[in-house]
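Colleague: To start, I am sharing the structure in question, which I have written as structure tokens.
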Amino acid sequence: MKNTVLLICILFYALNVCSQTEQSNKTQIAGKAGITNNGISFIPNFSLEQPAAIFNLLLEKGRFSFEPELTFSLEEGRPWYQVYWLRYKIIEGDKFKLRAGGHLGLNFAKIPDSTNNEIIKTERYLVGELVPTYQISDKIMVGMQYMISKGYDIGTNELQHFLALTANFSNIKLSKSMEFEISPQVFYLSSFDFGEGYYMASAFKLSKRNFPLSISSVMNKKISSSIAGKDFLWNVILTYSFGNGIISKP
């Protein structure tokens, strides 16, 4: 675990240096490293509900991007989940945009073994994504996100569907240097393994212009669902960002 975190830190430092020397071309390099008091996911089965570390990376060239996300439990020092996104910008208009993507997802779940001790099981998923968005103004964007997932291990091998209606209100000025952002969404989740449900969620972000640290929060409220999980989850995240690109929003 310590070696993995050290390797990630070295990689982030190296990419941070590269991002400051590659401003003359169209290669986008960005990253985020954050810690949270409560690792939660819009997919209830994947929520950690413990303090966690989250690392995001963006490598973009033209319309293609590679966006890995690595997460770890801070209490137990073990992996939480990993996703490796490949994305393509199909349409890049002034207002309307359309993005498609896919990723390999690894979820590290704790399960009891034959002696009733807990072991870590790696659950593998392939996920496809389609995201249309429309920019109403420089501060308001609306869109939709559809994902379909297929698991490749016992107990996860049924198709899962995720459909969300999203909005983003950004660049809300609180002062000359402080900005606020809110990203609400309502979504539907369906899985033969776990049931189906309707949820509402929102992400909030407070940042200072030209300053790498920001504070954000995610809240997720169950509307009606047969999927196991708490009715309400929330967290606080402290994030350090670097680079000349923007990490894709969910």
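Colleague: What do you reckon, is S202 outside any strand (DSSP E or B), surrounded by fewer than 17 Cβ atoms within 10 Å (Cβ to Cβ) and either under 15 Å from the mean Cα position of the chain (by Cα) or modelled with pLDDT under 95 (or both)?
Modeller: no
Colleague: If we keep just the residues of region 155-171 that are at pLDDT 95 or above and touching a Gly at 6+ places or on another chain (Cβ under 9 Å), which is surrounded by the fewest Cβ atoms within 10 Å (Cβ to Cβ)?
Modeller: Ranking the candidates gives L165 first.
Colleague: Right, next: Can you pull out the residues in region 172-190 that are surrounded by 13 or more Cβ atoms within 10 Å (Cβ to Cβ) and either of a type outside the set (A, V, I, L, M) or in a loop (DSSP other than H, G, I, E, B) (or both)?
Modeller: E179, F180, E181, S183, P184, Q185, F187, Y188, S190
Colleague: Out of region 87-121, which residues are more than 19 Å from the chain's Cα centre (by Cα) and within 22 Å of T156 (Cα to Cα)?
Modeller: K110, I111, P112, D113, S114, N116, N117, E118, I119, I120, K121
Colleague: How many of the residues making up region 146-171 are touching a Lys or Arg at 6+ places or on another chain (Cβ under 9 Å) and either hydroxyl-bearing (S, T, Y) or under 21 Å from Y84 (Cα atoms) (or both)?
Modeller: 10
Colleague: Taking the options L98, L104, name whichever one is more than 24 Å from N168 (Cβ to Cβ) and of a type in the set (A, V, I, L, M).
Modeller: L104
Colleague: So which pairs qualify, if the first residue must be in region 214-232 and at pLDDT below 95, the second must be among the aliphatic types (A, V, I, L, M) and buried (at least 17 other Cβ atoms within 10 Å of the Cβ), the Cβ gap must be under 7 Å, and the two must be at least 6 apart or on different chains?
Modeller: I227/L189
Colleague: Now for a different question. Give the residue, chosen from Y125, Y152, that is surrounded by fewer than 13 Cβ atoms within 10 Å (Cβ to Cβ) and at pLDDT below 95.
Modeller: Exactly one residue qualifies, and that residue is Y152.
Colleague: Here's another thing I want to ask about it. Keeping to region 111-151, report how many residues are out of contact with any Leu (no Cβ under 9 Å at 6 or more places or on another chain), among the polar types (S, T, N, Q) and in contact (Cβ under 8 Å) with a residue 40 or more places away in the chain.
Modeller: Residues flagged as out of contact with any Leu (no Cβ under 9 Å at 6 or more places or on another chain), among the polar types (S, T, N, Q) and in contact (Cβ under 8 Å) with a residue 40 or more places away in the chain within region 111-151 amount to 1.
Colleague: Among the residues of region 23-67, what is the count of those that are in contact with a Phe, Trp or Tyr (Cβ under 8 Å, 6 or more places away or on another chain), over 21 Å from Y88 (Cα atoms), of a type in the set (G, A, S) and touching a residue at least 60 places away in the same chain (Cβ under 8 Å)?
Modeller: 3
Colleague: Considering D138, D231, which residue is more than 21 Å from the chain's Cα centre (by Cα), surrounded by fewer than 16 Cβ atoms within 10 Å (Cβ to Cβ) and among the acidic types (D, E)?
Modeller: Answer to the selection: D138.
Colleague: Check G77 against each of (1) small (G, A, S); (2) under 25 Å from T27 (Cβ atoms); (3) touching a residue at least 60 places away in the same chain (Cβ under 8 Å) and name the one condition it does not meet.
Modeller: Exception for G77: condition (2).
Colleague: Right, something else. I need the full set of residues from region 92-110 which are exposed (fewer than 13 other Cβ atoms within 10 Å of the Cβ) and free of Cβ contacts under 8 Å to residues at least 40 places away in the same chain, in order please.
Modeller: E92, G93, F96, K110
Colleague: The conditions are (1) touching a residue at least 60 places away in the same chain (Cβ under 8 Å); (2) farther than 24 Å from V142 by Cα; (3) of a type outside the set (A, V, I, L, M, F, W, C), and N168 fails exactly one of them. Which is it?
Modeller: With respect to (1) touching a residue at least 60 places away in the same chain (Cβ under 8 Å); (2) farther than 24 Å from V142 by Cα; (3) of a type outside the set (A, V, I, L, M, F, W, C), N168 is out only on (2).
Colleague: Given (1) more than 28 Å from L86 (Cβ to Cβ); (2) not in a strand (DSSP E or B), where does D193 come up short, assuming only one miss?
Modeller: If we test D193 against (1) more than 28 Å from L86 (Cβ to Cβ); (2) not in a strand (DSSP E or B), just (1) comes out false.
Colleague: Oh, and also: Write out, first by first residue and then by second, each pair whose Cβ atoms fall under 6 Å of each other, whose residues are 6+ apart or on separate chains, and whose first residue, in region 171-185, is over 15 Å from S214 (Cα atoms) while the second is in a strand (DSSP E or B).
Modeller: Here the result reads S183/N168; S183/A203; P184/A167; P184/S202; Q185/A164; Q185/T166; Q185/A201, each pair linking region 171-185 to a residue that is in a strand (DSSP E or B).
The values are calculated or read from the model by the stated rules, or taken from the named source; none is laboratory data. Everything quoted here is computed from the prediction, not taken from an experiment. Don't worry about glycine lacking a Cβ; one is built from the backbone with ideal geometry, like all the others, and counts go over all protein chains shown.
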